[in-house]
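The values are calculated or read from the model by the stated rules, or taken from the named source; none is laboratory data. Just so you know, these numbers come straight off a predicted model, no measurement behind them. Here the Cβ positions follow ideal geometry from the backbone for every residue, glycine too, while neighbour counts run over all protein chains shown. All accessible areas refer to the heavy atoms of the entire protein, side chains included, with ligands and DNA or RNA removed. Shrake-Rupley method; radii C 1.70, N 1.55, O 1.52, S 1.80 Å.
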Amino acid sequence: MFNISGTGTMAGFMVVMATFLLAGLVKGVIGLGLPTVAVALLGLVMTPMEAAALLVVPSLVTNVWQLAAGTNLKRLMHRLWPMMAGICIGTMLGAALWSGSDARHATAALGVALILYALSGLLSIRLSFPAGSEPWLSPTVGAATGAVTAATGVFVMPAVPYLQALGFSREDLIQAMGLAFTTSTVALAAGFAYQGSLHSGTAGGSLLALLPALAGMHIGQWVRTVVRPETFRKCFFAGLLAIGMHLALKGLF
């Protein structure tokens, strides 16, 4: 596995640093997107699972930061724990299922996940669910998110559209996404440990990637003051769509 703590080339090191700087910038501007951008761009030069392994520390730190910024964590955990349990179960089962699978299949799956996420953002799709469906739908969505996480390293689908459909205030939605992303990151790290792919070299590379990610978030918070977040958001989803199509075709053909 490529890692940025010593074995990669200087060119590879710069690619990873630049990727996490950009991913952090995106998160700083629109409040999400660090894992998605990082895995999407790194997926162009390495397997999705290698990219996801480098993501563990930056994703965990930035999402705990996002999670801790809100004021309703206890209430959100009480409401969303079935979804979080589903994420953990789906990720671990998915890790066992995808262990040793063809990297091309994972690349194609990553591309499809990015396409779906980009289209949902560009088309401003908002889902709605029947009253009383949350008790069974939350663990189902959680398990599906976990399976996608294990296959691609991306944990926005279908978690983000589902959380948006629950009618949270903006502050609670951001904190709820932070909770889901933090759970997904911890479950993904556990999946890597199960596969035996989480070792000191990977952990060191992931820790080093935290520095440009935090720097990017700081820059992104400044960019947010001079660029309309909605305009930036559309560019973000358009870029993801292009990358997703490329990865899907690369994995399939």
Practice item. Taking residue 175 as meeting all but one of (1) open to solvent by 20 Å² or more (accessible area, probe 1.4 Å); (2) touching a residue at least 60 places away in the same chain (Cβ under 8 Å); (3) of a type in the set (S, T, N, Q), write down the number of the exception. Key: (1)
Revision key, fill the gap. For region 221-234, the count of residues that are modelled with pLDDT of 85 or more and under 30 Å from residue 108 (Cβ atoms) equals 1
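Would you mind finding the one in 127, 137, 110, 119 that is farther than 17 Å from residue 164 by Cβ and either of a type in the set (A, V, I, L, M, F, W, C) or outside any helix (DSSP H, G or I) (or both)?
110
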Study note, to complete from the structure: Within region 39-67, residues being open to solvent by less than 10 Å² (accessible area, probe 1.4 Å) and closer than 14 Å to residue 220 by Cβ number 2
Check your understanding: Which one of the conditions (1) in a helix (DSSP H, G or I); (2) surrounded by fewer than 16 Cβ atoms within 10 Å (Cβ to Cβ); (3) in contact (Cβ under 8 Å) with a residue 24 or more places away in the chain does residue 86 fail to meet, given that it meets all the rest?
Key -> (2)
Revision key, fill the gap. Filtering region 98-112 down to residues that are modelled with pLDDT of 70 or more and open to solvent by 70 Å² or more (accessible area, probe 1.4 Å) yields 104, 105, 112
Review point. Within region 193-200, is there a residue that is surrounded by fewer than 18 Cβ atoms within 10 Å (Cβ to Cβ) and closer than 21 Å to residue 84 by Cα?
Key: yes
Review point. Which condition does residue 186 not pass, out of (1) open to solvent by less than 10 Å² (accessible area, probe 1.4 Å); (2) within 27 Å of residue 18 (Cα to Cα); (3) modelled with pLDDT of 85 or more, if it passes all the others?
Key: (1)
Exercise for review: Sort out which residues of region 220-246 are over 20 Å from residue 119 (Cα atoms), open to solvent by less than 70 Å² (accessible area, probe 1.4 Å) and among the aliphatic types (A, V, I, L, M), and write them in order of number.
Suggested key: 223, 227
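Conditions (1) of a type outside the set (A, V, I, L, M, F, W, C); (2) on the phi < 0 side of the Ramachandran plot; (3) surrounded by fewer than 18 Cβ atoms within 10 Å (Cβ to Cβ), marked per residue:
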site	(1), (2), (3)
90	yes, yes, no
120	yes, yes, no
124	yes, no, yes
141	no, yes, no
158	yes, yes, no
